[in-house]
1. Take the residues in the stretch 79-90 that are free of Cβ contacts under 8 Å to residues at least 40 places away in the same chain and loosely packed, with under 12 Cβ neighbours inside 10 Å, then tell me which one is farthest from Gly128 (Cα to Cα).
2. Output the residues belonging to the stretch 67-117 that are among the acidic types (Asp, Glu) and at negative phi.
3. Can you name the number of the only condition in (1) more than 22 Å from Arg135 (Cβ to Cβ); (2) polar (S, T, N, Q); (3) in contact (Cβ under 8 Å) with a residue 40 or more places away in the chain that Ser72 fails?
4. Hey, among Arg135, Arg127, Arg131, which residue is modelled with pLDDT of 90 or more and surrounded by 15 or more Cβ atoms within 10 Å (Cβ to Cβ)?
5. Is one or more of the residues making up the stretch 10-26 loosely packed, with under 12 Cβ neighbours inside 10 Å and at pLDDT 85 or above?
6. What tally of residues in the stretch 105-124 results from selecting those that are of a type outside the set (Val, Ile, Thr) and surrounded by fewer than 11 Cβ atoms within 10 Å (Cβ to Cβ)?
7. Hey, can you tell me all the residues within the stretch 40-66 that are in contact with a strand residue (DSSP E or B) (Cβ under 7 Å, 6 or more places away or on another chain) and outside any strand (DSSP E or B)?
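The values are calculated or read from the model by the stated rules, or taken from the named source; none is laboratory data. This is a predicted model, so every value here is computed, not measured. Positions of Cβ are generated from backbone atoms using ideal geometry, with glycine treated the same way; all protein chains shown enter the neighbour counts.
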Amino acid sequence: MVVRRSINGGEAAPTPKPAASGPLSGLSVEMIRSAKRRRTISARLDGTRLIVQVPTGLSAAEEQAWAEKLGSRILASRKRRESHTDDELAERARALSLRYFDGKLQFTDCRYVANQQHRFGSCSPSRGTIRISDRVAKFPVWVRDAVLVHELAHLAEANHSARFWKLANRYPLMERARGYLMALGLDDDSEDT
């Protein structure tokens, strides 16, 4: 179902019948027209409701096209996030430990967490636990692998010493991954020597 409403003096528009199928099937779409918006269009998912904010003056067809485009992106991103499970992450960490550390660096638990907003991962060597920010699931696989190798290396070296980096740099794309994270303005280790 498509619902339209206006805010900030935007004009009201008739509500067309929604498409029975398509990329947004199963979602209700709420279009919010705003007179204050000039060029920007945004969308967010609230349960099974896609809320799309648009400037006034778009036709119903343009609104529908933007809803489908942005809704498809949001749903694809959600699907990617949900497809990355803790079991898959732990299995990948085991494979990386075997490949780069001959399986000598063992952990007791490895999982995604949602409470790391200022770092990509953490390791508690005394407990053998590795936590990876759920944001990392959105990054390319080789970047996620670099974060895992980084945390695995902390099982042997709890700091960012030269010995730590010798271990972490066994992963051949470590510097490239750090460059990727720096380019995003997200490198955790900017204070390292």
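1. Only one residue tops the list, namely Lys79.
2. Glu68, Glu82, Asp86, Asp87, Glu88, Glu91, Asp109
3. The number of the failed condition is (1).
4. After ruling out the rest, the residue left standing is Arg131.
5. The answer is no; no qualifying residue exists.
6. Adding up the residues that qualify gives 4.
7. Ile41, Thr48, Thr56, Glu63, Trp66
Residue-wise test of (1) in the same structural domain as Gly22 (by TED's automatic domain parsing); (2) in contact (Cβ under 8 Å) with a residue 24 or more places away in the chain.
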site	(1), (2)
Trp66	yes, yes
Ser77	yes, yes
Ala93	no, yes
Ala114	no, no
Gln117	no, no
Pro125	no, yes
His154	no, yes
Glu157	no, no
